[in-house]
Amino acid sequence: MTKQATKTKGSQLDIKAIADVFNKKLKLLKEAFIKSGHNYNSGFEFQHKYTDLIDKTIHSLAESCFGGLDKISTPAIIALGGYGRKELAPYSDIDIVFVQERPFSKQTKKLIESLNGHLWNAGLKISASVRTLEDCETAMDEDISFLTSLLEKRLIWGAKATFQKLEKAYRQHIKKTPPGYFVSAKLDERDLRHHKMGESRYQLEPNIKENKGALRDIHTLLWIANFLYGVHKPEDMVRKDVLTAAEAATLKKAQHFFWTVRCHLHFLAGRANDRLSFDSQPLIAALMGYKDSEPHVRAEKFMKDYFLFAREVGHLTRILCAKIEAQSLKAQKLVLADMVENFPVKGNRLTVANATVFKKHPVEIIRIFRVSQTSGIDIHPDALRHIRNALDGLRQHKAQTYPLFFEILLDPVRAEQTLRRMNEADVLGALIPDFKNIVAHMQYDMYHSFTADEHLIYAIGMMHRIENGELAAAARLATDLFPKIKSRRALYAAIFLHDIAKGAHTKGADKKPGHEEPSRHSVAGAKAAKEICPLLGLSAEETETVAWLVQEHLSMTMTAFKRDLNDEKTIIDFVDVVQSPERLKLLTILTTADIMAVGPERWNHWKSGLLSELYHKSAEAMSDVKAPLPLQPKNDNYETGKTVIKIMQHPKQDHTEVTVTTTDRQGLFSLLSGAMAASGASIVGAHIFTLTNGMVQDVFQIQSLKGHVYENGAFLNKTIKAALDGKLDLAAEIREKQKTAPKKSALFKNLTRVIIDNDASISNTVIEVNGSDKPGFLYAITSALSKQGLQISAAKVTTFGSRAVDVFYVRDNFGLKILHPGKLKTIENSLKLALEGNI
């Protein structure tokens, strides 16, 4: 063996040994982190130790690969981005750049490729680039991301002189770059990311890195501070008079909290994963020291802390932006007045003369937000700081503050934005004690997308958009009704208060995820409304209307989505609750805004159509105009014994209608629902018509699994025919669908519940079934009903996140209601067994 071969073999042995040492030390770091992961600083400590370990590993491998090169051919290996600032989560990319003063030789390029290969083999996820100094200087001009990454560069190994020249070139570039260019670019990047991620920092399954208020927002804040002031840490921003010591401490605590959460997420997944899913939240909560034995309770407490930290990041970002703007205006003449409605203007922002103004006159806290809303001028960070120190006095001045607050809520201009800023300044919670209970309160289900406080503020925005005609295409009925109502003030108070009691009554270990009794928070909210509304300046009549709307705010949803709207008694019962045309209009608008504010894609044409149908039938019943007759079978010519399948898409109503006319048989509805589940369709409504010639016509409204028109009609037709001919094993097909369907979180153990009601319909027994949604859910239920010898005349199918709520109108074999207690108990038990079993 030649001397060169021996050297190569020795190098390979050294590389293996280096990789072994790296992996052993990483294992120890992981064990130490998991053991102390309840400490917010553990993520900070892990990332710095992990970065040091990578530094040493790269240094050792670089020595092995590049040790024989001359100085001119030796590159500088430089850490960038998260690696440069020593913020590496376990499976983050490790960003490095190889830099030389002159073009790279073939030998150097080959050695770089070899080093990268060794790093990957050692388990390091390297993201590497190769640039000359000239390349770097060009990229600084053309690539804002590369320029940003240089803010946090560190020399890991190699040509120190090259690194120093890069540093010099970078400093020269910074000096000639207008601060506004960099700041604007980074804020534009942030805004684009916020738009992509969903705008709100209160999403219930946030991305710990990319979401509004999370790590990337902290990075943006620190990048701007670094570029402008040359500081790298929150505490350094105090010296530059950007943040107070308390604010810097809060920012650092948020930073460490997010770091720790992100490290836990990566280790749990065994890969790069930054999404705080419902599944991961209880696990992360336990690892971070939240002790509650009930998974959903500790998850809610953990997520409340997450949302509060995200809110603080938003607050501190606004402070920094105001500071930057103020500095940029130093040499300019302000275009604004020196005083706006008795508030001084400083740096183009509203402020107060001194720190005692808000303590002496608490009403000024609300008034400055009102003036900001009407003038469009933001509030100065100094004023926000003074507000936070004076909140205790708000509750003692309700008579002055509540009516002014109500003006903010009623004004269609910037109402949502102003309320959100008040909430982020802790004003709403201090002003209204009931609101404090829902601040950062997680609604732990798969139906809601935001925290309870954010949902209410978002709903106010939706209401104003409906009133202004901005949502006419999606919410035509509510838009048309708004000019006709006489109780506008009551309607806005009701939408603000409709979920005000959620935080209070859901405290404690007795709450089960997905199992909130809607009436509990509605009744408690109505009681709170009776106390709050007079303080807002509402009359006794208006207060009564608000309390009724809050108590009944779910009634229209439950009736439209869970009851047969062609059953006369459904309309009679609903009208008996609503009682007046004005309340019907108000409840329709409120229900629309509420659903639209739940989250993206919760509102669609199908739901809009059901609410519209309920509204019109109820309005006709109130006006003594005869309501339309119940649905009738399609007027086609039916040939006895022949099966006819018709599939028609209705894009404007977000559903596809399937009409199956065939010979009547026991269990036909179950068979057809199974065929649709096997075809990947979701049934949202159905009616069954028995014809005079022994035939039956079943009419289904179906959607795709995403809640829109079902488009694969040919496949569905083929599947239905195969099922009717007995050529398809439906149970097996549905089991396959369950394997590939989007998984509903296993955390939401929705209690199986069967409610049998003989008063809801004149001619049918109404059976409501609740359980965890999955493909084949309806098939399992209808199979059980069929085995009990029941005829299904109508079905309403609704899903709230992970919870399925299916309602069936049934009769016995003689076409009568089921009244015998023993038979009713047998039906209930058979349904529960079906729900607890598998397909």
**Message:** One residue is enough: does the range 465-473 have a residue meeting the conditions surrounded by 16 or more Cβ atoms within 10 Å (Cβ to Cβ) and modelled with pLDDT under 90?
**Reply:** no
**Fill in**
A440 meets each of (1) touching a residue at least 60 places away in the same chain (Cβ under 8 Å); (2) surrounded by fewer than 20 Cβ atoms within 10 Å (Cβ to Cβ) with one exception, condition (2)
**Asked** Only one residue in F33, F44 is in contact with an Asp or Glu (Cβ under 9 Å, 6 or more places away or on another chain), open to solvent by 10 Å² or more (accessible area, probe 1.4 Å) and closer than 21 Å to F267 by Cα, so which one is that?
**Response** F44
**Prompt:** Tell me, which residue of the range 74-85 that is open to solvent by 10 Å² or more (accessible area, probe 1.4 Å) and assigned to a loop (DSSP other than H, G, I, E, B) is nearest to I144 (Cα to Cα)?
**Reply:** L80
**Residue under evaluation K233, criteria (1) in a helix (DSSP H, G or I); (2) open to solvent by 40 Å² or more (accessible area, probe 1.4 Å), criterion not met** = (1)
**Asked** Looking only at the range 730-761, which residues are assigned to a loop (DSSP other than H, G, I, E, B), modelled with pLDDT of 75 or more and not polar (S, T, N, Q)?
**Response** D759, A760
**Request:** Go through the range 288-325 and count every residue that is assigned to a helix (DSSP H, G or I), open to solvent by 30 Å² or more (accessible area, probe 1.4 Å) and farther than 22 Å from Q255 by Cα.
**Result:** 2
**Condition check for F22: under 31 Å from the mean Cα position of the chain (by Cα) and buried (at least 19 other Cβ atoms within 10 Å of the Cβ)** = no
**Prompt:** How about the range 244-287: which of its residues are part of a helix (DSSP H, G or I), of a type in the set (A, V, I, L, M, F, W, C) and open to solvent by less than 10 Å² (accessible area, probe 1.4 Å)?
**Reply:** A248, L251, A254, F257, F258, V261, C263, L265, I284, A285
**Asked** P633 is checked against (1) touching a Phe, Trp or Tyr at 6+ places or on another chain (Cβ under 6 Å); (2) modelled with pLDDT of 90 or more and fails just one. What number does that condition carry?
**Response** (2)
**Members of the range 386-406 that are over 22 Å from R489 (Cβ atoms) and open to solvent by 50 Å² or more (accessible area, probe 1.4 Å)** = R388, N389, D392, R395, Q396
**Request:** Hey, could you check the range 49-73 for residues that are over 18 Å from S127 (Cβ atoms), in a helix (DSSP H, G or I) and among the acidic types (D, E) and say which is nearest to the chain's Cα centre (by Cα)?
**Result:** D52
**Item:** Every pair of residues 6+ apart whose Cβ atoms lie under 6 Å, when the first sits in the range 20-48 and is in a loop (DSSP other than H, G, I, E, B) while the second is modelled with pLDDT of 90 or more and of a type in the set (G, A, S)
**Value:** S36/S42; H38/G289
**Total residues in the range 106-149, condition of a type in the set (A, V, I, L, M) and touching a strand residue (DSSP E or B) at 6+ places or on another chain (Cβ under 9 Å)** = 9
**Asked** Hey, L404 hits all of (1) within 27 Å of L538 (Cβ to Cβ); (2) at pLDDT below 95 but one; which does it fall short on?
**Response** (2)
**Message:** Can you go through T543, T559 and tell me which one is closer than 18 Å to I432 by Cβ and either part of a helix (DSSP H, G or I) or at pLDDT 95 or above (or both)?
**Reply:** T543
**Prompt:** If I54 satisfies every condition in (1) in contact (Cβ under 8 Å) with a residue 60 or more places away in the chain; (2) open to solvent by less than 10 Å² (accessible area, probe 1.4 Å); (3) within 20 Å of T162 (Cβ to Cβ) but one, which is the exception?
**Reply:** (3)
**Fill in**
Within the range 387-424, residues outside any helix (DSSP H, G or I) and touching a His at 6+ places or on another chain (Cβ under 7 Å) come out as P412
**Item:** Among (1) under 23 Å from D664 (Cα atoms); (2) in a loop (DSSP other than H, G, I, E, B); (3) touching a residue at least 60 places away in the same chain (Cβ under 8 Å) - the single one L819 does not satisfy
**Value:** (1)
**Asked** Quick one: is T220 of a type in the set (S, T, Y), under 16 Å from R318 (Cβ atoms) and open to solvent by 30 Å² or more (accessible area, probe 1.4 Å)?
**Response** no
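The values are calculated or read from the model by the stated rules, or taken from the named source; none is laboratory data. Keep in mind it's a predicted model, so treat the numbers as computed, not measured. Here the Cβ is made from the backbone with ideal geometry for all residues, glycine too, and neighbour counts use every protein chain on show. When the accessible area is computed, the model is the full protein with side chains, heavy atoms only, and any ligands, DNA or RNA have been set aside. Shrake-Rupley method; radii C 1.70, N 1.55, O 1.52, S 1.80 Å.
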